[in-house]
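Written out below as structure tokens is the structure these notes cover.
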Amino acid sequence: MPKRLPIQQKVLSKNDELAAALRRRWQEQGVFCLNVVSSPGSGKTTLLQETLQRLRGRLQVGVLVGDLQTENDARRLAAAGFPVRQIITGGVCHLDATMVATHVDAVAGPDLELLVIENVGNLVCPASYDLGEDLKVVLLSTVEGDDKPAKYPGMFRRSDALVITKTDLLGLSDFDPARAIQHARQVRPDLVVFAVSARTSEGIDAWVQWLTDQVTAKTRSARR
Amino acid sequence: MHELSIAMAVLETVAAAAARAGASRVLSIRLRVGELTTVDPAALQFAYAAATGDHPLFAGSQLQVEWVRVRIDCPTCGEGPALPRTVACAACGSPLTRVLAGEELDVDDVEVERHAKAAADSAKGAVEKR
């Protein structure tokens, strides 16, 4: 005899529960967690290299970096001297909270203040998986379409900040930053926006200062 | 292609509920998927078929996906639809809205079958019948 069972449960409730546990842990320990997402090639690793260099001596940082294959990004990010752990997903197109929980102790010392998670390059799948972060930042480079926020609303909807990268290449493509921002704010009206170039250093200091302010606001309140 | 991970999570959720209810077979699953989730229903169907392929509990089962359009509450215009794939009010274009629907990724309910034997056992007590 067929029978209907009510379920009424979020599909990713297990991931969400684990992410919530991570979030409680970071709250107790006064750690700020940043989840960095974008298409492949938007410049996540390069922006993080520049960011980490500027955070030396200012914050204690740990870095997790996800890729389908290779440890290339971990090697690049380790140059700043902070602990880095590569998560090789072996084909999985996103990081999930289980992967973070499994690997985080390799980079989370007792004095950790900022945990940076560089997600797998992908504008679709990582949007669904909460990693327990305080802040999700999405990168969009000036050699991509400025309508990407309209094409991938899920990711831009769930991001708190947008960093437009490779601004030194503006004018070489039809990318219009104003149009990109307008599209993004159609799904996330309160999105905080930065425009940077790692090659000329334009805008990097402003981004790093803003990030540092977010981190210290949390670490200070946790220590009180 | 995170639809496979999502299909696996659906199976896990449903298998647990089916076990609690003493079900022997899942006939259909109703899933609600919001427009803002970036989950592709066709890819999800494909992944579901692949994930359930050799799973006796799910043999022949159907995944029924209800696609949920974005609905917003606009401070000027009130409740209504949004411009396609945005949270902007369809009436006035303002993105400063509150999202009421469109972010769902939920298992709604599931239709299951119990073995005649299991059903009889639970009705009459565990009497072995041949």
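No lab work stands behind these numbers, since they all come straight from the coordinates. Keep in mind the model is a prediction, meaning the values are calculated, not measured. Please note: Cβ atoms are built from the backbone with ideal geometry, for glycine as well, and neighbour counts cover all protein chains shown.
So which of A:Lys44/A:Lys218; A:Lys3/A:Lys151; A:Lys44/A:Lys148; A:Lys10/A:Lys151; A:Lys14/A:Lys218 end up more than 28 Å apart, counting from Cα to Cα?
Going by Cα-Cα distance, A:Lys3/A:Lys151 fall outside the 28 Å limit.
Please report the net charge: other residues with Cβ closer than 9 Å to the Cβ of A:Ser159, K and R +1, D and E -1.
Residues near A:Ser159 contribute +3 overall.
Hey, if you put +1 on the Cβ of every Lys and Arg and -1 on every Asp and Glu Cβ in segment A:1-132, which of A:Leu131, A:Val84, A:Pro40 ends up farthest toward the positive end of that dipole?
My answer, from the dipole projection, is A:Leu131.
Rounded, prolate or oblate: which fits chain A, taking a ≥ b ≥ c as square roots of the Cα gyration tensor eigenvalues, rounded meaning a/c under 1.5, else prolate when a/b beats b/c?
Details: a/c = 1.58, a/b = 1.12, b/c = 1.41.
Since a/c reaches 1.5 but b/c is at least a/b, the shape of chain A is classed as oblate.
With both bridge residues required to lie in the protein assembly as shown, what share of the DSSP beta bridges run antiparallel, to the nearest 5%?
That works out to approximately 40 percent antiparallel.
Which ³J(HN,Hα) values in Hz, rounded to whole numbers, follow from the phi angles of segment B:84-89 under the Karplus curve 6.51 cos²θ - 1.76 cosθ + 1.60, where θ = phi - 60° and Gly and Pro get x?
x, 6, 9, 10, 7, 4
In sequence order, what are the phi-derived ³J(HN,Hα) couplings for segment A:5-22 according to the Karplus relation 6.51 cos²θ - 1.76 cosθ + 1.60 with θ = phi - 60°, rounded to whole Hz, with x for glycine and proline?
These are the phi-based 3J(HN,Hα) values: 9, x, 10, 6, 9, 5, 4, 9, 4, 5, 4, 4, 5, 5, 5, 5, 5, 4 Hz.
List the residues, sorted by chain then number, that are 5 or more residues from A:Arg85 or on another chain and whose placed amide H is less than 5 Å from its amide H.
A:Val63, A:Leu64, A:Val65
Given Cα pairs under 8 Å that are at least 6 residues apart, what percent is the relative contact order of chain B?
Values: 225 pairs, mean separation 40.5, N = 130.
Value for chain B: 31 percent.
Hey, what did chain A get for relative contact order, percent, Cα under 8 Å, at least 6 apart?
So the answer I get is 24 percent.
Put a dot 7 Å past each Cα toward the Cβ at A:Glu17 and B:Phe46; how far apart are the dots in nm?
Each label point lies 7 Å from its Cα, and together they span 3.2 nm.
I need the phi-derived Karplus couplings for segment B:61-77: 6.51 cos²θ - 1.76 cosθ + 1.60, θ = phi - 60°, integer Hz, Gly and Pro marked x.
Karplus values, whole Hz, x for Gly and Pro: 7, 10, 9, 9, 9, 9, 7, 9, 5, 5, 10, 10, 10, 9, x, 8, 9.
Which residues' amide hydrogens lie under 5 Å from the amide hydrogen of B:Ala88, considering only partners 5 or more residues apart or on another chain, with H built in the peptide plane?
Placed amide hydrogens put B:Leu83 under 5 Å from B:Ala88.
Figure the gain on full extension for A:Ala222 and A:Gln69 (residue separation times 0.36 nm, minus the Cα-Cα span) and round it to one decimal in nm.
Result: 51.4 nm gained on full extension.
Residue farthest toward the positive end of the dipole of the protein assembly as shown, with Cβ of Lys/Arg at +1 and Asp/Glu at -1: which of A:Val63, B:Val65, B:Cys77?
So the residue furthest toward the plus end is B:Val65.
With +1 on each Lys and Arg Cβ and -1 on each Asp and Glu Cβ, how big is the dipole of segment B:1-117 about its Cα centre, in debye rounded to the nearest 20?
That gives a dipole near 180 debye.
Treating only the Cβ atoms of Lys and Arg (+1) and Asp and Glu (-1) as charged, compute the dipole magnitude of segment A:1-110 about its Cα centre; round to the nearest 20 debye.
260 debye
Quick one: order A:His183, B:His55, B:His2 by neighbouring beta-carbon count within 10 Å, fewest to most.
Fewest-to-most ranking of A:His183, B:His55, B:His2: B:His55, A:His183, B:His2.
Can you sort A:Leu95, B:Leu57 so the residue with the fewest Cβ neighbours within 10 Å comes first?
B:Leu57, A:Leu95
Need one number: % antiparallel among DSSP beta bridges in chain B, to the nearest 5.
Here the share of antiparallel DSSP bridges comes out near 70 percent.
Label point 7 Å out from A:Leu170 along Cα-to-Cβ: which residues of segment A:179-195 have amide N under 15 Å?
Counting only backbone N, you get A:179-182, A:193-195.
What ranking of A:Asp168, A:Asp134, A:Asp213 emerges when the number of other C-beta atoms within 10 Å of each C-beta is taken as an exposure proxy, fewest first?
Working: A:Asp168 15, A:Asp134 19, A:Asp213 9.
With the fewest neighbours first, A:Asp168, A:Asp134, A:Asp213 line up as A:Asp213, A:Asp168, A:Asp134.
So which trypsin sites (Lys or Arg not before Pro) in segment B:1-103 are both in a DSSP loop and have at most 13 other Cβ atoms within 10 Å of their Cβ?
Taking segment B:1-103 and a limit of 13 other Cβ atoms within 10 Å, the loop trypsin sites (Lys or Arg not before Pro) found are B:Arg69.
Once whole DSSP H runs in chain B are found, which of them have Cα atoms spread over 18 Å or more along the helix axis and a mean Kyte-Doolittle score of at least 0.0?
Correct list, ordered by number: B:3-20.
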